[in-house]
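A.B. asks: Here it is, the structure, as structure tokens.
The values are calculated or read from the model by the stated rules, or taken from the named source; none is laboratory data. Because the structure is predicted, anything quoted here is derived from the model rather than measured. Every residue, glycine among them, receives a Cβ derived from its backbone with ideal geometry; neighbour counts consider all protein chains shown. Side chains included, ligands, DNA and RNA excluded: accessible areas come from the protein's heavy atoms. Shrake-Rupley method; radii C 1.70, N 1.55, O 1.52, S 1.80 Å.
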Amino acid sequence: MSKISRFTGKVVTLAKSAVGGRGESAAPQGGGGFADYAVVSLHCLRIYLEKSYREALDLLSEMPQILAEIGLEEADLPDHSTLVKAFDRIKMAVWRVLLRLSAQLHEPSGHAAMDATFFDRENASKHYCRRTNYRVQTLKTTALVDTESQAILDVHCTTKKRHDTQIGWQLARRNAGELHSLAADKGYDWQRFRDKLREEDVRPLIKHREFRPIDHAHNARIDGTLYGQRALSETVFSVIKRTLGDAVRARSWYREFREIVLMCAVYNIKRTVN
């Protein structure tokens, strides 16, 4: 069985769990629409193939075995505009559930690392930028990564300037029940952040900026092995950008956020089939 076939099989299973559509027919019947799990699966394959909507559908039309995994035939494939509209219709909550389920394919260690990177927003025409006030050219993405499996547990996206500690606490609070420790660089140096983590029984591995002798003492007490694993979050971002792309194709910010979450879910699933 090929990698793309194994990938599709896992995607369909997770998509059905995420949308709760196990008994629904994938293709439209009697004037109905496509099943949500089929649409989610097609979007995952679009990201996996690193193609635009049109290009991905053209490729899939030559892959009857892959379409059969979803429950579709070549004649059933939707128009690219149908997929675009479905991306608007399916709420962010569904994509986050898919990400959560994809992370559960990996054995969690309880030790996580956090870091941020920037994804480019695909170049738009000057006319489009003026018409829509499209000024921000990058998308700040912060990921919470399990250091043993290198699976992405959660992700945060923003186009605004927010301090790393605020984003970090938002991510950590959502996942505190599954964490034993959290490693991050000095950009997350905030004593209140450490205190909040300890209140949730999460051990903070965040070095202090060294202004006083006591800061050196605090840093010397940090477990060097666990702290060194924070670099794995940078490794994960590097893999995603090399294999799935370093830019988002969507134009609207909410579609871009969904696309980042989807890329992280596809990354998690790919790790289980490679």
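A.B. asks: Would you be able to say whether some residue in the stretch 23-32 is of a type in the set (A, V, I, L, M, F, W, C), open to solvent by less than 50 Å² (accessible area, probe 1.4 Å) and not in a helix (DSSP H, G or I)? Give the steps one after another, and end with the answer.
C.D. replies: First, the residues of the stretch 23-32 that are of a type in the set (A, V, I, L, M, F, W, C): 26-27.
Within this subset, residues satisfying the condition of being open to solvent by less than 50 Å² (accessible area, probe 1.4 Å) are 26-27.
From the residues that got through so far, the ones that are not in a helix (DSSP H, G or I) too are 26-27.
Within the stretch 23-32, one or more residues are of a type in the set (A, V, I, L, M, F, W, C), open to solvent by less than 50 Å² (accessible area, probe 1.4 Å) and not in a helix (DSSP H, G or I).
A.B. asks: Here's another thing I want to ask about it. Mind checking which residues of the stretch 48-60 are open to solvent by less than 10 Å² (accessible area, probe 1.4 Å) and either under 16 Å from VAL248 (Cβ atoms) or in contact (Cβ under 8 Å) with a residue 24 or more places away in the chain (or both)? Break it down stepwise before answering.
C.D. replies: Within the stretch 48-60, the subset open to solvent by less than 10 Å² (accessible area, probe 1.4 Å) is 56, 60.
Once the filter is applied, which keeps residues that are open to solvent by less than 10 Å² (accessible area, probe 1.4 Å) and either under 16 Å from VAL248 (Cβ atoms) or in contact (Cβ under 8 Å) with a residue 24 or more places away in the chain (or both), the stretch 48-60 yields only ALA56.
A.B. asks: With the checklist (1) out of contact with any helix residue (DSSP H, G or I) (no Cβ under 8 Å at 6 or more places or on another chain); (2) over 26 Å from ARG271 (Cβ atoms) in hand, flag the one item PHE193 doesn't pass.
C.D. replies: Tallying (1) out of contact with any helix residue (DSSP H, G or I) (no Cβ under 8 Å at 6 or more places or on another chain); (2) over 26 Å from ARG271 (Cβ atoms), PHE193 fails exactly one: (1).
A.B. asks: Continuing with this model, one more query. Can we say ASP36 is of a type in the set (Asp, Glu), under 20 Å from the mean Cα position of the chain (by Cα) and surrounded by 18 or more Cβ atoms within 10 Å (Cβ to Cβ)?
C.D. replies: Values: of a type in the set (Asp, Glu): yes; under 20 Å from the mean Cα position of the chain (by Cα): yes; surrounded by 18 or more Cβ atoms within 10 Å (Cβ to Cβ): yes.
Taking the combined requirement at face value, the residue satisfies it.
A.B. asks: Next question. Is it true that GLU259 is closer than 27 Å to THR13 by Cβ, in contact (Cβ under 8 Å) with a residue 40 or more places away in the chain and among the charged types (D, E, K, R)? Give the derivation first.
C.D. replies: Working: closer than 27 Å to THR13 by Cβ: yes; in contact (Cβ under 8 Å) with a residue 40 or more places away in the chain: yes; among the charged types (D, E, K, R): yes.
Answer is yes for this residue.
A.B. asks: Tell me which residues, restricted to the stretch 141-188, are assigned to a helix (DSSP H, G or I) and basic (Lys, Arg). It would help to see each step written out before you state the result.
C.D. replies: The initial filter retains those residues of the stretch 141-188 that are assigned to a helix (DSSP H, G or I), namely 164-178, 186-188.
Within the stretch 141-188, ARG173, ARG174, LYS186 meet the criteria.
A.B. asks: Can you tell which of SER238, SER252 is exposed (fewer than 14 other Cβ atoms within 10 Å of the Cβ) and modelled with pLDDT of 90 or more? Even if it seems obvious, please write down each step before you answer.
C.D. replies: Numbers: SER252 fails: modelled with pLDDT of 90 or more.
Sole residue among the options that is exposed (fewer than 14 other Cβ atoms within 10 Å of the Cβ) and modelled with pLDDT of 90 or more: SER238.
A.B. asks: Which condition number in (1) over 30 Å from PHE87 (Cα atoms); (2) open to solvent by 50 Å² or more (accessible area, probe 1.4 Å); (3) basic (Lys, Arg); (4) not in a loop (DSSP other than H, G, I, E, B) is the one that ARG194 fails?
C.D. replies: Failed condition: (2).
A.B. asks: In the stretch 61-87, what residues are free of Cβ contacts under 8 Å to residues at least 40 places away in the same chain and among the hydroxyl-bearing types (Ser, Thr, Tyr)?
C.D. replies: Those that are free of Cβ contacts under 8 Å to residues at least 40 places away in the same chain and among the hydroxyl-bearing types (Ser, Thr, Tyr): SER61, SER81.
A.B. asks: Mind checking whether some residue in the stretch 198-209 is touching a helix residue (DSSP H, G or I) at 6+ places or on another chain (Cβ under 7 Å), buried (at least 16 other Cβ atoms within 10 Å of the Cβ), β-branched (Val, Ile, Thr) and closer than 30 Å to SER5 by Cα?
C.D. replies: Scanning the stretch 198-209, I find no residue that is touching a helix residue (DSSP H, G or I) at 6+ places or on another chain (Cβ under 7 Å), buried (at least 16 other Cβ atoms within 10 Å of the Cβ), β-branched (Val, Ile, Thr) and closer than 30 Å to SER5 by Cα, so the answer is no.
A.B. asks: Another one. Return the pairs, sorted by first residue and then second, in which the second residue is of a type in the set (Phe, Trp, Tyr) and not in a loop (DSSP other than H, G, I, E, B), the first residue lies in the stretch 94-120 and is surrounded by 22 or more Cβ atoms within 10 Å (Cβ to Cβ), the beta carbons are less than 7 Å apart, and the residues are 6+ apart or on different chains.
C.D. replies: Within 7 Å, the pairs are MET114/TYR188.
A.B. asks: Residues LEU101, LEU45: which one is of a type outside the set (Val, Ile, Thr), part of a helix (DSSP H, G or I) and farther than 18 Å from ALA151 by Cβ?
C.D. replies: Details: LEU101 fails: farther than 18 Å from ALA151 by Cβ.
The conditions single out LEU45.
A.B. asks: Among the residues of the stretch 215-274, write down those that are touching a helix residue (DSSP H, G or I) at 6+ places or on another chain (Cβ under 6 Å), β-branched (Val, Ile, Thr) and under 21 Å from GLY168 (Cα atoms).
C.D. replies: Once the filter is applied, which keeps residues that are touching a helix residue (DSSP H, G or I) at 6+ places or on another chain (Cβ under 6 Å), β-branched (Val, Ile, Thr) and under 21 Å from GLY168 (Cα atoms), the stretch 215-274 yields ILE240, VAL261.
A.B. asks: Still on this structure, please answer the following. Answer yes or no as to whether ALA265 is under 18 Å from ALA143 (Cβ atoms) and open to solvent by less than 10 Å² (accessible area, probe 1.4 Å). Steps first, answer last, please.
C.D. replies: Values: under 18 Å from ALA143 (Cβ atoms): yes; open to solvent by less than 10 Å² (accessible area, probe 1.4 Å): yes.
Criteria met by ALA265.
A.B. asks: Return only the number of the condition from (1) part of a helix (DSSP H, G or I); (2) open to solvent by less than 10 Å² (accessible area, probe 1.4 Å); (3) not charged (D, E, K, R) that ILE4 does not satisfy.
C.D. replies: It is condition (2) that ILE4 fails.
A.B. asks: Now for a separate question. Of the residues in the stretch 219-240, how many are in contact (Cβ under 8 Å) with a residue 12 or more places away in the chain and hydroxyl-bearing (Ser, Thr, Tyr)?
C.D. replies: Residues flagged as in contact (Cβ under 8 Å) with a residue 12 or more places away in the chain and hydroxyl-bearing (Ser, Thr, Tyr) within the stretch 219-240 amount to 3.
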